[in-house]
Each structure stands twice: as structure tokens, then as C-alpha cells.
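Novice: Sending over a structure as C-alpha cells; questions will come in a sec.
The values are calculated or read from the model by the stated rules, or taken from the named source; none is laboratory data. Just so it is clear, the model here is predicted, and its values are computed rather than measured. Note that each Cβ is placed from the backbone with ideal geometry, even for glycine, and that neighbours are counted across all protein chains shown. The area values use the complete protein model at the heavy-atom level, side chains included, leaving out ligands, DNA and RNA. Shrake-Rupley method; radii C 1.70, N 1.55, O 1.52, S 1.80 Å.
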Amino acid sequence: MSLIGENLGYYYHKDRWILKDTNISVAPGEVLGLSGYSGCGKTTLSRILAGYIAPQRGRVTVDDQVMERHTFRPVQLIYQHPEKAINPKWRMRDVLTESYAPSQEILDAFEIREEWLSRWPVELSGGEKQRFCIVRALNPATRYIIADEMTTMLDAITQAKIWHSFLNICKNRDIGVIVVSHETSLLNRICDRIFKVGEQ
Ligand SMILES: Nc1ncnc2c1ncn2[C@@H]1O[C@H](COP(=O)(O)OP(=O)(O)OP(=O)(O)O)[C@@H](O)[C@H]1O
């Protein structure tokens, strides 16, 4: 039982491989850091593991199954920029309840205020919108979450609070987490293990 990428190879332009023979796995409940220089392929690898793009070589399995399309994704991806992941024409209540009905407890854990629910995305800050994206990713069916620079836009205190709540919930539900970040101090603090992209 794990999220596993085996012998992954990927290029955007023929024969310019971004990833070559990459092997990566994260177990349920584990927190894996993804590091590497800018442009080494962290976001590309994240998108492959979440099933958004197909590798030219290798395969991804989620708890021994090849991921199916058109069903709820057991691997959720949270991006750095929440505005790219939110429909601007939906009020925040609809964004939040798109795939399940989050409990009051989880809304409180991320300090989501009742008054924000009736607003449009444009009426919230990036950090406020990001809390909705995190709660949305914590669907009861989620098995793994890839957090790609998830808190980069937040101040240090808010960042610490959000990681505390997020990792608590993931541990309780045995969700495996991949944390993509340029901040080595963050990775060292919260991850069980670190995987360097491009150095396998
Ligand atoms: N859609 C695309 N078409 C062509 N090349 C791309 C595309 N997306 C990314 N690349 C290239 O692929 C390489 C890896 O990009 P990727 O975004 O995965 O790196 P990264 O490690 O996440 O970078 P950063 O740390 O700067 O966010 C880079 O050289 C980038 O220029």
C-alpha cells in the first residue's frame, strides 16, 4: 500500500528528458519532502503522480491500482496559486462543497470564517482562498495529497498554524503527503524523509 512511481520518464519536447528512470514512493501516513533546484521537475513529477499528465515511460500505482480516469482522484494536488484551482464564477460555499460536505470542526481547524462562504473568490486573499483548497482536498476518499509550495504565500505564523492542522488531519486519517518546497527548513521540520529530484 503506497503511492508509487516506477521508472518514470517524461519530456515536454522530444528527447529532452525532464525525468529519467525516477522511482518514488510515499506510504500512507508518511510525509515525504520533494526538493531540488528550480526547473528540475518537481511540479512535473507532482502532476504525474496526481494523474494529471501521463509519463512517456514507467507507471504510477495508488495502493496497487493503476489510477482510473473520471472517478474521484485519490491523489489530490494543492497548488501554490489557489486562484488557478478555483472557479471564479462560484461562490466560496460552492467551491468548498464541490465534492463533499466538510464538518464545522475542519472549517475551524483552518479558521475559515462563516462570512467568507457567501463571497466570490476575488473577494478573498490568496491565503484565505488557499484554506478552502486545502479543506477541499481533504475529501474522505483522499489517500494521498501533494502540496506544491502550498503555503509559500503565507506569513510565518499562519504557515505554521496551517501545517499543524493539515498534518494532524493527515496523520489521523493515514493520508500520505508529498511536500514540494524550496524551503529546506520547512522540509527538515515536517518531513519524515526527503527525495531529491534529479539525483537518483
Ligand atoms: N508545459 C511545458 N512545456 C515545456 N516545458 C515545460 C513545461 N512545463 C515545464 N517545463 C520545463 O520542464 C522543466 C521542469 O519544470 P517543473 O515546473 O517541473 O520544475 P520545478 O522543479 O517544479 O521548478 P520550480 O522549482 O522552479 O517550480 C523546466 O525546465 C521547465 O522549463
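Novice: Give me the pairs: first residue in the range 22-45 and farther than 16 Å from Leu187 by Cα, second residue away from the ligand (no atom under 13 Å from the Cβ) and open to solvent by less than 30 Å² (accessible area, probe 1.4 Å), beta-carbon distance under 6 Å, and six or more apart or on different chains, which are they?
Specialist: Cβ pairs passing all conditions: Ile24/Gly5; Ser25/Ser2; Ala27/Ser2; Ala27/Gly176; Pro28/Gly176.
Novice: I'm checking my understanding of the structure. Among residues of the range 179-200 that are outside any helix (DSSP H, G or I) and touching a helix residue (DSSP H, G or I) at 6+ places or on another chain (Cβ under 7 Å), which one is most open to solvent (accessible area, probe 1.4 Å)? Break it down stepwise before answering.
Specialist: The first filter runs over the range 179-200 and keeps only residues outside any helix (DSSP H, G or I), leaving 179-183, 191-200.
Imposing the further condition that a residue be touching a helix residue (DSSP H, G or I) at 6+ places or on another chain (Cβ under 7 Å) reduces the set to 179-181, 194, 197.
On the way: Val179: 1, Val180: 3, Ser181: 6, Ile194: 68, Val197: 3 Å².
Per the criteria, the residue is Ile194.
Novice: Output the residues belonging to the range 109-124 that are under 15 Å from Glu83 (Cα atoms) and either loosely packed, with under 15 Cβ neighbours inside 10 Å or over 23 Å from the mean Cα position of the chain (by Cα) (or both).
Specialist: Step one: list which residues in the range 109-124 are under 15 Å from Glu83 (Cα atoms), which gives 119-124.
Arg119, Trp120, Val122, Glu123, listed by residue number.
Novice: What do you reckon, is Ile24 within 16 Å of the ligand (Cβ to nearest atom), touching a helix residue (DSSP H, G or I) at 6+ places or on another chain (Cβ under 8 Å) and assigned to a loop (DSSP other than H, G, I, E, B)? Before you say what the answer is, go through the steps one by one.
Specialist: Working: within 16 Å of the ligand (Cβ to nearest atom): yes; touching a helix residue (DSSP H, G or I) at 6+ places or on another chain (Cβ under 8 Å): yes; assigned to a loop (DSSP other than H, G, I, E, B): no.
When the stated conditions are applied, Ile24 does not pass them.
Novice: Working only within the range 39-73, note down all residues that are charged (D, E, K, R) and over 15 Å from the mean Cα position of the chain (by Cα). Spell out the reasoning first.
Specialist: Within the range 39-73, the subset charged (D, E, K, R) is 42, 47, 57, 59, 63-64, 68-69, 73.
Of everything in the range 39-73, those that are charged (D, E, K, R) and over 15 Å from the mean Cα position of the chain (by Cα) turn out to be Arg57, Arg59, Asp63, Asp64, Glu68, Arg69.
Novice: Looking at (1) modelled with pLDDT of 95 or more; (2) assigned to a helix (DSSP H, G or I), can you tell me which one Arg119 breaks?
Specialist: Only one criterion in (1) modelled with pLDDT of 95 or more; (2) assigned to a helix (DSSP H, G or I) is unmet by Arg119, namely (2).
Novice: Please determine, by comparing only the residues of the range 147-156 that are of a type in the set (A, V, I, L, M, F, W, C) and open to solvent by 20 Å² or more (accessible area, probe 1.4 Å), which one is nearest to Ile48 (Cα to Cα).
Specialist: The initial filter retains those residues of the range 147-156 that are of a type in the set (A, V, I, L, M, F, W, C), namely 147, 150, 153-154, 156.
Next cut, open to solvent by 20 Å² or more (accessible area, probe 1.4 Å) only: 153-154, 156.
On the way: Met153: 24, Leu154: 26, Ala156: 30 Å.
So the residue we want is Met153.
For (1) more than 10 Å from the ligand (Cβ to nearest atom); (2) in a strand (DSSP E or B), each residue gets a yes or a no:
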site	(1), (2)
Asn7	yes, yes
Ile18	no, yes
Leu32	yes, yes
Gly39	no, no
Leu45	no, no
Ile48	no, no
Gly51	yes, no
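Novice: Let me confirm something: among Gly176, Gly127, which residue is modelled with pLDDT under 95, more than 16 Å from the ligand (Cβ to nearest atom) and open to solvent by less than 20 Å² (accessible area, probe 1.4 Å)?
Specialist: Step by step, each of Gly176, Gly127 is checked, and only Gly127 is modelled with pLDDT under 95, more than 16 Å from the ligand (Cβ to nearest atom) and open to solvent by less than 20 Å² (accessible area, probe 1.4 Å).
Novice: Another question, if that's okay. Just to be sure before I move on: is Gly58 surrounded by 14 or more Cβ atoms within 10 Å (Cβ to Cβ), small (Gly, Ala, Ser), under 21 Å from Val179 (Cα atoms) and more than 13 Å from the ligand (Cβ to nearest atom) in the structure I sent?
Specialist: When the stated conditions are applied, Gly58 does not pass them.
Novice: Check off (1) outside any loop (DSSP other than H, G, I, E, B); (2) open to solvent by less than 10 Å² (accessible area, probe 1.4 Å) for Gln159 and give me the number that stays unchecked.
Specialist: Looking at each condition in turn, Gln159 falls short on (2).
Novice: If you take the residues of the range 130-151 that are more than 16 Å from the ligand (Cβ to nearest atom) and polar (S, T, N, Q), which of them is farthest from Ser181 (Cα to Cα)?
Specialist: Here is the first cut: in the range 130-151, the ones more than 16 Å from the ligand (Cβ to nearest atom) are 130-145.
Now drop any that are not polar (S, T, N, Q), which leaves 130, 139, 142.
Details: Gln130: 16, Asn139: 23, Thr142: 21 Å.
My answer is Asn139.
Novice: Quick one: Ser99 ticks every box in (1) part of a strand (DSSP E or B); (2) on the phi < 0 side of the Ramachandran plot; (3) of a type outside the set (Val, Ile, Thr) bar one, so which box is it?
Specialist: Going through (1) part of a strand (DSSP E or B); (2) on the phi < 0 side of the Ramachandran plot; (3) of a type outside the set (Val, Ile, Thr) one by one, Ser99 breaks only (1).
Novice: OK, next. Tell me whether the range 66-76 contains one or more residues that are crowded, with 19+ Cβ neighbours inside 10 Å, closer than 24 Å to Val135 by Cβ and of a type in the set (Ser, Thr, Tyr). Don't jump to the end; show me each part of the working.
Specialist: Residues of the range 66-76 crowded, with 19+ Cβ neighbours inside 10 Å: 73-76.
From what's left, closer than 24 Å to Val135 by Cβ: 73-76.
If we keep only those that are of a type in the set (Ser, Thr, Tyr) too, we end up with none.
Within the range 66-76, none of the residues are crowded, with 19+ Cβ neighbours inside 10 Å, closer than 24 Å to Val135 by Cβ and of a type in the set (Ser, Thr, Tyr).
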